[in-house]
Amino acid sequence: MLISVVVPCYNEEKVIAMTYDQLRAALEKITDDYEMIFVNDGSSDGTIGALKRFADSDKHVKYISFSRNFGKESAMLAGLRFASGDYTVIMDADLQHPPELIAEMLTYAQEGYDQVIGRRDRDGDDKRNAFFARTYYRLVDRLTDVKLADGVGDFRMLSRKALDALLTMNEYNRFSKGLFSWIGFKEKIIHYKNRQRAAGESKWNFGSLIKYGVDGVLSFNNKPLRFCFVLGAAAIGVSLVYLLSLFLSILFEGIDLPGYFTTIFTICLFGGVQLISIGIIGEYIGRIYYEVKRRPHFLIDETNFHTNLSKKEL
């Protein structure tokens, strides 16, 4: 029974040694047959140097280093493609995902669960961030065809069957939380206490979180496009009501010559509807644009996997 652990890394020099030590200790309590796959996502610090040192002294350590920063989604995909385990774990490099939980995950996986998912509480989180996160998950549940639970992230164990299913989806604009939900299979959720980063700083800022949230909403449904239709229909309805009231006013009170308010109201209403609709349609067209190019999700600069890189770069 081989266990693979995929760890995306981006500028994690300050914490990566602690992550390696704790992860190795947790895995050695479970089995001698394991591999730790660290994916260096174009780090500009000493992350790749540390990974090479680990690999030189530990046969269980594998590393993949990208030619530049391609993003966490690409880093996870690379690690999952190289993973050969019967069970594969995805976890962050900052120790917010507790390695000691892997043993409990394996217990449930051996009972037949294809996805064993870690779900954290929000104790200690910034109140503003927690509010926006809860609001986002409520919005996603209403707008998309997949279900996402607050506190559920990428930290999970996948059976070989679930992993193979996940890898059949080769879309360029990836939103893994939605993909995990979309493939289905038998799931088990494990709750754990929220942890702060062991060292270093978060790579996520408010802007990147907003972008990630938009990707999640647009990746799994066409409801925003339907919203454009509904919004246009509502605007027409409001305009008809206004025109009817204006006609009745003219009929009973005569023509009101200035018409300033009418002109401004009409321009703002229809201009706003058109801009919103064009923006939503543009987001979808942009995603189509990137999909049809069929560019690789990542490019590998170096790795200690003994394989043909050209087969792993798509």
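No lab work stands behind these numbers, since they all come straight from the coordinates. None of the values given here were measured: they were computed from a predicted structure. Glycine gets a Cβ as well: all are built from the backbone with ideal geometry, and neighbour counts include every protein chain shown.
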Mean separation of Cα contacts under 8 Å (6+ apart) over length of region 1-92, as relative contact order %:
46 percent
Mind scanning 72/293; 186/293; 59/161 and naming the pairs with a C-alpha gap bigger than 31 Å?
186/293
Could you rank the peptides 72-79, 99-106, 35-42 by their average count of other C-beta atoms within 10 Å per residue, with the highest value first?
35-42, 72-79, 99-106
So if we plug the beta-carbon distance of residue 67 and residue 22 into 1/(1 + (r/R0)^6) with R0 = 35 Å, what FRET efficiency do we get, rounded to 0.05?
0.75
Could you work out how much longer the chain between residue 33 and residue 194 gets when fully extended? Use 0.36 nm per residue separation minus the Cα distance between them, nm to one decimal.
55.1 nm
Using Cβ contacts closer than 10 Å as the measure, can you line up 4, 249, 176 from fewest to most?
249, 176, 4
Amide H of residue 172 versus every other amide H placed in the peptide plane: which residues, excluding those fewer than 5 positions away on the same chain, fall under 5 Å?
none
